[in-house]
Amino acid sequence: MPDDQPMTSHVSLRVPTNLVEAFDRIAAALERPRSWVMLRALRQYLDKGEGREIEEDTESLAELDRGEVVSSEKLHRRLREIIAKS
């Protein structure tokens, strides 16, 4: 496989008909395959949507579990620095 082609996996899932129809309308308007539109939606979910928030929250909890915390004094000092710059 060429270096510029990402590895892919085949995934099957049941999707409500109205969602498939919406993806089909968008795909037709853009003259793109339905899979292209669905991949864009999934990427947006992971990059900017709820999926991203869940990943960030999970990492934050893992940091707390590892004892990686910031003291309240450091936090207040940093907040004062930010406020002073505004």
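Taken together, the values in this text are just the output of simple stated rules run on the coordinates, not laboratory data. Keep in mind the model is a prediction, meaning the values are calculated, not measured. All Cβ positions, even for glycine, are placed from backbone atoms using ideal geometry, and neighbour counts span all protein chains on display.
Table for the structure above
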quantity	calculated
Failed condition for G49, given (1) more than 24 Å from the chain's Cα centre (by Cα); (2) surrounded by 10 or more Cβ atoms within 10 Å (Cβ to Cβ)	(1)
Residue check for I54: surrounded by 10 or more Cβ atoms within 10 Å (Cβ to Cβ), part of a helix (DSSP H, G or I) and not acidic (D, E)	yes
Some residue of the range 58-81 being free of Cβ contacts under 8 Å to residues at least 24 places away in the same chain and in contact with a Leu (Cβ under 7 Å, 6 or more places away or on another chain)	no
